[in-house]
Every structure is written in structure tokens, then in C-alpha cells.
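Note sheet for the following structure.
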Amino acid sequence: MTKILPIETQKIFEKLTKGHFISYDNEDIEIKELYQVIDANNNYELLLEYFLHIGFQFIKGDSYYYFAKSEINKSTEDKLKSFYKWIEIMNFFLSFGESINEHFSVGKIFTPNDIFIQCKVNNALMEKLNTIRLTNSIEKPLDKINRLIDELRRATFVDVFNDFRDEYKVVAAYHYLEQLINTIDIEVENEDTTS
Amino acid sequence: MFNFDTIREFIEILNRERKVIDFLFKKRKRIVSYDNLLSFVEYKNEKIEYLLQEGFLIKSGNIIELNDELIDFFEKFSNATEEINNEYTNGLILDLKTKIEIFTEEKRPDKRNEYLLRIETSLRKIGKNIIGNINQIRINIEDVYVTEKNYKIKKIKLDEYSRKANQIEELITNITKFLKSDEWEYFVKIAEDNVLIYVIINLRKDITLAWINFADIIQKIIDFHNQMRLQSEFYKKVQKIKRLKDQHTLTNNSNIEKILTNENSIFFANQQKFTTQLSIPYLQTDGAFFLIQRVIKNLKQIKSGLSVKSAEDILDNQFIEKEKAISTISSAKIKQLFTESGGELFDFIQNFNLFEEYSLEQKTTLFCKIASRFSDELIHNGEFKIFDDIEYAVIRKKQI
């Protein structure tokens, strides 16, 4: 077993400190290779220890890696605000999946146009799209869908699958959001019967 | 029915068209269209037509199948696995029981041996079929789970495979029960045949293997069902969280605040920035020299307070009001001046000193304008004059 850090350590560090995830099924070859490097031999353990010394927790999820710190420069209110945004986005994309009888989850391949078409035939989905406010300006539905996908892409939850056909793929990092939501306990007595 | 006269002819047809028949036999569980077959008969339609006519193939719509009797024949011959269903299970046990009964009643040794052989073949086939079917189900389940996107269809297909798995389970149970029955043990005892014992041992081995595989498959089906259930529940949960969020009650009704307080992934943080000092060896290089110069320049700008980007100064002369003169001619004023001075209108306009820069054409236009507009105050007595190739009417002030 080697004790030398992989030469990609800097790249890994730079990716992760941006708040990005390194997923097993990234379409970007560079990131995919980083995942393979981390996964190979005992590199994960080495990096884990190394990063811990400089104050980063190197966390291994279900086929993805990310960074955490013991404390970050964000208040709970700010985090909550950010979380609300992701709930809105996820709710929309999950509803899209429901609309075509498919689960919007890791591995799903979709195009902005697929979603747009569903919005046109499913008014509830269109309303969900309309209620999401990312900017103050009014956007066309397809532009807005593209913006939402871009949000997911920039947070490395989806990746461009086929640029020519405008296809995107949900990658393993999306498990992070699922995991986060799964840990939330909701008090039962407040449950509505409408759900 | 087949239309042939001799067995030889039949075998010859089989041999000649073995490619098509082999292909159709392999694809007997699938749908094969007419066009798929053409490549096997060198694109000669008449060959397929001949086979259809002779009853080797059956056509329904555009779908071509091998004659059922041929399929049965080949299946028996090649020991291909048969699909296990209730009918198969019941039929098999019944068949075995009948054969055993005949075997015990039969007194002629050669006939007894024939039945013993038949029983052994049946037993061999059972083991093979069970394993074959289980493998098939496993492949199908994994296939469906990965390729089928629509989860409603996925669920239907999984249920179907689950049903088939249950039928295999039933067969295994029945066979095991049968192998333990007195009837069977008695038969094994009176048969006294080593091959039979060997076949039974093999069958028991197959059954054990099948049980292990079977448990695994059931586990897989349950797992897949659970995954689908979790996905649906997840969707409901997100919707519920969204609703609570919209009602502003999420923080009160859930542990979200606590979770987020403890969640310190960089995902929620701003991008990490690191400031480091430059090394002295680096500062001694040429590359660093330009960097230092740039830094000095920036520093100077900051000191002189120019770091804030501002628009260009407004020049003083931009504040001076410019008068813009647009000269227009008031025809009423001209007319007034004309009536005061008297004389001819055309002469007056030609000689009016303000109109020096006006061309003859412009002056003429003005003349016409005044003449027409104030026609009731001016008079034309029918006299015409010529000036510079222009013939004009002599217009004077009306005498009151």
C-alpha cells in the first residue's frame, strides 16, 4: 500500500473547495478520472487524513465525494434560504418525472425540451415553474427551464450528456440532496390529508 | 399440416432452408417480421413463399413463425428449456406418477426398462428446466429494472416475473414433496437402478442450486419494489416540505434548522478563498518584477483615490447654452411690410434685403404663397411681366 498522495490531489482540492461534488458517473472525463483516482487503492484514506489536517472533512457519499468543514461561514438562515431554493427546484424536476411516470433520480437523462413539452400538457407543472423565482425579470418558460438546469449543472448535480442533442444526465451527487431531505423529520400531526 | 410426399423430401427442405429454420427457432419467443428473414434466403421472396405453402412456416399479418409442430420437435430434440407454469408443473407430476404406475404394473422387463428410461429423461429435464427458467427470470428482472423507464410498466413487469418465480417455487416444492413420497421411494427401491440414483442426486443438486438462486431473485424483486416505493415516497416528502415551506411552518414542524446547523458541507458555503504570501525566491524573478510594477500602479491609484471608477469629467463648455437659430419666414409679416411700402409684390420680394441668401426659386415660391394666401387683400389687374425667364403676375396692394 502506498503512502504517497496522488498527483491529482491539487485538482481534487480545487474542485471540492468550490463546493462541487466528484461523482462516479460524471460525463466530464477529467472529473471521472478524479473519482477513479480517489477510489483506487487506499487513496481515499490517505486524502481523508491529509485534508483533515488542513481543516476539511473529505466525505464519501453514495458514489460521490464532497468537502465539509467543522464550521462554515454561513448562518443557519442563509443555509435555510439556500435549501428553500433547492426544494423549489427539486420539487419542479420531481414533478416533471411524475408527469412522465418516471423517477427523476440519478441516471435520468432529459432535455430542456422534454420538460417544456410536459409543461405545455401539464398545467400543474407549468404553475410550479411559474412560482419559482430566481430572478426578478420575467422569463419565457423554456429560458427558465434552461436556467434551472444550469443551476443543477453548476452545482454538479447534473452533467451535459450529449451537447449536440442538448441532453443532460443526473449524476450521483444528486444523492446528496436526496440524503439531506431523507434526514428531515416532519411532525406527523401537522400532516395534511391532501397529499 | 405439411405438404410433402416422402420423408426424404421433408429432410431435404429442412436441410436446404436450415438457416431460416435455425434463425426462427432461436427467435421463437420473439416476434420476427417477414423482412427479417430475407437475408437468410438471399433475398428471394419465393423461397419463403414456398416454405409457407409447404406449411413449414406460418404467417399472421407480417409476422412469421415456425410451425408449432416443428418447434415441439426441435425443443424435444435439443432439450431446450420450457417455460414453467402451473400447467407444466401439474402435468409433470401427473406424468411421472402415471409412468411409475405403469412401471410397477408392467411385468415385461424390456417394457419396464423403457419406462425407467423415460422417467430418467423426465427427471433430467426437470432440473435443467428449473435452472434455465431461474436464469431467464434473473436476466429479465435485471433487464427490466435497468432499461424500463416508466415505473408503472416496470412495476407490472416485475409483478409478472414475481408470479413466474412463484410458479417455479411451486414446482420445486411439489417435486421435492414428490421425491419424498412413499410412492416414489417404493419405486426407487424396486427399480434398483444406479443410473436412476445418479439422476436423482443430480436433480437434488439442481434443486438446491435453484433454491439459492430463487431466494436471491426474490430478494432482488423485493429490493426493486422497495426502491420504487422509496422514490415515490421521496417525491411525496419533497412536496410536503415545499408545502410547509410555502406556509412558513417548515422550521416549526421539522428538524430542518437543526440539520442545517450541523450540515457544514462546502456546498452551502461561499467559495473558499485562500490568501498566501509570495515566496522571496519568486519575487527575485523577472516575472515577479512586472507583477510588482502592476501592484505599485494599483497602490498608487488607490492612494490617489482613483480606485473608484468614475465617468469622465464634464467639460466647462458643455455647460454653455448654445443658441440654435432656425430661420423661418413669416409670410404674414412680409405681406404687412409689403402693404406698408407699396409697389409690386414680385419686385418687393426680389429686392427685400433679408432674402439675399435665398435663391430665385425660393423667392418665387414665397411670392406664390403670399399671393394665394392673401388674395383678398391683394389685387391682380391682369398685367404680366417677365423677369429672368419667369412670367409673373403683377400684384399690388388693394386700394381701399
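The values are calculated or read from the model by the stated rules, or taken from the named source; none is laboratory data. Here the structure is a predicted model, which means the values were calculated and not measured. Note that each Cβ is placed from the backbone with ideal geometry, even for glycine, and that neighbours are counted across all protein chains shown.
List pairs: first in the range B:145-158 and more than 17 Å from B:ILE217 (Cβ to Cβ), second not in a helix (DSSP H, G or I), Cβ under 7 Å, 6+ apart or cross-chain?
Within 7 Å, the pairs are B:LYS149/A:GLU102; B:ASN150/A:ASN101; B:ASN150/A:GLU102; B:TYR151/A:ASN101; B:TYR151/A:GLU102; B:TYR151/A:HIS103; B:LYS152/A:ASN101.
Take B:ASN264 and decide whether it is within 7 Å of another protein chain (Cβ to nearest Cβ) and more than 24 Å from A:PHE157 (Cα to Cα).
No; evaluated as a whole, the condition is false for this residue.
Look at the range B:114-167 and say how many of its residues are among the β-branched types (Val, Ile, Thr), surrounded by fewer than 16 Cβ atoms within 10 Å (Cβ to Cβ), away from every other protein chain (no Cβ under 14 Å) and more than 14 Å from B:LEU196 (Cα to Cα).
1
Got a sec? Which helices (runs of 4 or more DSSP H) wholly within the range A:90-195 have at least 3 residues that are of a type outside the set (A, V, I, L, M), more than 14 Å from every other protein chain (Cβ to nearest Cβ) and within 25 Å of B:GLU263 (Cα to Cα)?
Result: empty, no element qualifies.
Which pairs have Cβ atoms under 8 Å, sit 6 or more apart or on different chains, and link a residue in the range B:291-302 that is modelled with pLDDT under 85 to one that is surrounded by 11 or more Cβ atoms within 10 Å (Cβ to Cβ)?
Every condition considered, the pairs that remain are B:GLN301/B:SER307.
I want to confirm something. Restricting to the range B:27-47 and keeping residues that are out of contact with any strand residue (DSSP E or B) (no Cβ under 7 Å at 6 or more places or on another chain), of a type outside the set (Phe, Trp, Tyr) and surrounded by 12 or more Cβ atoms within 10 Å (Cβ to Cβ), which single residue is nearest to B:GLU75 (Cα to Cα)?
Checking each candidate, the answer is B:LYS27.
Taking the stated definitions as given, is A:ASN122 farther than 30 Å from A:ASP25 by Cα and buried (at least 16 other Cβ atoms within 10 Å of the Cβ)?
In short, yes.
Can you tell me which residues in the range A:62-84 are under 18 Å from A:ASN182 (Cβ atoms) and more than 10 Å from every other protein chain (Cβ to nearest Cβ)?
Passing the criteria: A:ASP62, A:SER63, A:TYR64.
Can you tell me which of B:LEU230, B:LEU203, B:LEU278 is of a type outside the set (Asp, Glu) and touching a Lys or Arg at 6+ places or on another chain (Cβ under 8 Å)?
Being of a type outside the set (Asp, Glu) and touching a Lys or Arg at 6+ places or on another chain (Cβ under 8 Å) holds for just one of B:LEU230, B:LEU203, B:LEU278, which is B:LEU203.
Please report, ordered by residue number, the helices (runs of 4 or more DSSP H) entirely within the range B:189-269 with at least 1 residues that are under 30 Å from B:TYR161 (Cα atoms) and modelled with pLDDT under 90.
Helices (runs of 4 or more DSSP H) meeting the threshold: B:194-246.
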